[in-house]
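A quick write-up on the structure given underneath.
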Amino acid sequence: LIPVISNNFVNPDTIFANNEMSLQDIEIYGFDYDYTLAFYSSHLHTLIFNIARDILIHEHRYPEGLKEYGYIPDFVVRGLHYDVQKALLMKIDAFHYIQLGTVYRGLHPVPDKEVIAMYEGSHVPLEIMSDFYGKSSHGHTMKQFMDIFSLPEMTLLSCVNDYFMKHNIDYEPVHLYKDVKEAIGDVHVKGIMYRAVEADIEKYICYGEQTHAVLRKLSENGKKMFLITNSPLDFVDRGMNYIIGKDWRDLFDVVIVQADKPGFFNDRRKPFRRVTDKGVLLWDRIHHLEKGQIYKQGNLYEFLRLTGWRGSKVLYFGDHIYSDLADLTLKHGWRTGAIIPELRKEIKIMNTEEYVHTMTWLQSLTNLLEHMQVHRDAASQAVIQQWVREREDMRSRAKNIFNAQFGSLFRTYHNPTYFSRRLSRFADIYMASISCLLNYDLQYTFYPRRTPLQHEAPFWPEQTSAGAMNIPFQNHGTGLK
């Protein structure tokens, strides 16, 4: 099986389709700014973590001992859920089941038996899950972290929980969650992060030569383009000057800053305000959205009325599946593209020999178990139990290849994660960065793979698991490991 799978290595610069879509039909391209047009170095997460930690100490009177903790780059992955009242961070799959082995209190895993006792199993009921945007509100006890900016927030939550437990301090988890959320919010709202990035832009922004190439390609092909971001003008202008140059506005037909997404997509009340180059808000009524001007706030309904840009001729790219994409695809029929920077790293891992070997043997063991479980004699059952244990070991090994604590962003063992489920529902296409567009001409049609449903026969070769059963029986313990 190995040579067959080794020929199926995936190019990390591929654009993947959940829904059939032709670029020939797209006339207008829209973009978010952070982690869509601008990509940040790992220094930014360290910065956010350190500032928020110090806000907790100096403004919320948390212990000085928290200064011992620094940002841990590979501790968490995006898409995790946090149980606010139990102070537990965990990964949940598409069917609302907790992936055992990925539940953490502070910086340490919680034993499976303890998790099962707390939740009376491993299923999380719908009523305690987060709301539509992943937030914990209205009595919900779960918050889902879908934003790349939330990686330092999750890490800070884990570190503060760890400090309190290590020092036997009795604390209220709900207060801790709210304080950390507020401290992280202050880093953005008070402009601390923006000023730091602007002051040392080369340290924090990864130079966007390919971003410039994508926008230029679209412009040269006569496509309309717009930018809708929650970030303020000064921050966006400084970043875009660095990535593209001082004439960056010439590429866009409409630029909207401080849009307040996802409210922008739902609230019909907020009108647009024009912003001068010096950041002064003008009071005049907006009758047209003019090229070269900057607008603040507003709402999508007014945007549609002023531009006439409707339906499936618009393709909008963003990194936040809820705030950027969900409403656009559900309510307005826009086409959507999700930018998932983690995708490049995960595909490179999937292309390694270690991963291919692990998955091949795991699939083979699963097929053996499925077909051989009908043998009920003692000798066969002893072998089957050995296979079950080995399969569990291989599943843990496959998880650890991606991230020792939480595994892959996209899978909980064999099931898709809750993150994957939302990605497949709200994004027509997804990719590691918008630079992937450079590999396709603007007439290209994306076709999703026809993967068989469980009751459908796999008629195409790459879907068959035949061959797994051809492994000699006596090699079940050693082959392909």
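The values are calculated or read from the model by the stated rules, or taken from the named source; none is laboratory data. Computed from a predicted model, the values in this text were never measured in an experiment. Reconstructed Cβ throughout: ideal geometry from the backbone, glycine too, with neighbour counts over all protein chains shown. For the accessible areas, the whole protein counts, side chains as well, though only heavy atoms, and no ligand, DNA or RNA atoms are used. Shrake-Rupley method; radii C 1.70, N 1.55, O 1.52, S 1.80 Å.
Could you pull out every one of the aspartates and glutamates with an alpha carbon less than 12 Å from that of residue 67, ignoring same-chain neighbours closer than 8 positions? Filter leaves 54.
Working note: Karplus 6.51/-1.76/1.60 with θ = phi - 60° gives the range 302-316 the couplings 5, 4, 5, 5, 7, 9, x, 7, 10, x, 6, 8, 9, 10, 10 Hz, where Gly and Pro are set to x. Less than 5 angstrom separates the built amide H of residue 446 from those of 21, 22, 23, all sequence-distant by 5 or more or on a different chain.
Between residue 331 and residue 221, how high is the FRET efficiency from 1/(1 + (r/R0)^6) when r is the Cβ-Cβ distance and R₀ = 30 Å? Nearest 0.05.
So the FRET efficiency works out to roughly 0.60.
Neighbours of residue 59 by Cβ distance under 10 Å: Lys/Arg scored +1, Asp/Glu scored -1, total -3. The portion of the accessible surface of the range 250-313 made up by carbon and sulfur, rounded to a whole percent, is 45 (1.4 Å probe; DNA, RNA and ligands excluded). The amide H of residue 415, built 1.01 Å from its N in the peptide plane, has no neighbour under 5 Å, considering only residues 5 or more places off or on other chains. Placing pseudo-labels 7 Å out from each Cα toward the beta carbon at residue 247 and residue 301 gives an inter-label distance of 4.0 nm. Give me the net charge of residue 382's neighbourhood, meaning all other residues with Cβ under 14 Å from the Cβ of residue 382; Lys, Arg count +1, Asp, Glu -1. Summing Lys/Arg as +1 and Asp/Glu as -1 gives 0.
Surface listing: 376, 344, 310 arranged by accessible area from highest to lowest gives 376, 310, 344, probe 1.4 Å. Peptides 270-279, 425-434, 23-32 ranked from most to least packed give 425-434, 23-32, 270-279, packing being the mean of other C-beta atoms within 10 angstrom over each peptide's residues.
Put a dot 7 Å past the Cα of residue 348, heading toward its Cβ, do the same for residue 126, and the two dots end up 4.1 nm apart. A simple spin-label model places pseudo-atoms 7 Å from Cα toward Cβ; at residue 379 and residue 200 they are separated by 6.9 nm.
Sequentially through the range 86-97, phi angles give Karplus couplings (6.51, -1.76, 1.60; θ = phi - 60°) of 9, 6, 10, 9, 7, 10, 10, 8, 5, 9, 6, 9 Hz, Gly and Pro residues having no value and appearing as x.
Hey, what did the chain get for relative contact order, percent, Cα under 8 Å, at least 6 apart?
Values: 799 pairs, mean separation 120.7, N = 481.
Computed value for the chain: 25 percent relative contact order.
Taking amide H as placed 1.01 Å from N in the peptide plane, the amide H of residue 206 sits under 5 Å from that of 39, 40, 41, each at least 5 places away or on another chain.
If you take every residue apart from residue 271 with its C-beta less than 13 Å away from the C-beta of residue 271, what net charge results, scoring Lys and Arg +1 and Asp and Glu -1?
For residues surrounding residue 271, the net value is +4.
If you work out mean projected area of the Cα convex hull in nm² from the coordinates, which of (i) 21.7; (ii) 25.8; (iii) 30.8 do you get? Computed from these coordinates, mean projected area of the Cα convex hull in nm² corresponds to label (ii). Against the criterion of solvent-accessible heavy-atom surface with a 1.4 angstrom probe, 15, 72 sort, most first, into 72, 15. Calculated mean residue ellipticity at 222 nm for the chain: -11500 deg cm²/dmol, from DSSP H runs with n ≥ 4 weighted as -39500 (n - 2.57), summed, divided by the residue count and rounded to 500. The residues of the chain present an accessible area of 47 Å² per residue when probed at 1.4 Å with all protein chains retained. Taking every protein chain into account, the 1.4 Å probe leaves residue 33 with about 0 Å² of accessible area, to the nearest ten.
Per-residue extension of 0.36 nm, minus the Cα-Cα distance of residue 59 and residue 455, leaves a gain of 136.8 nm for this segment.
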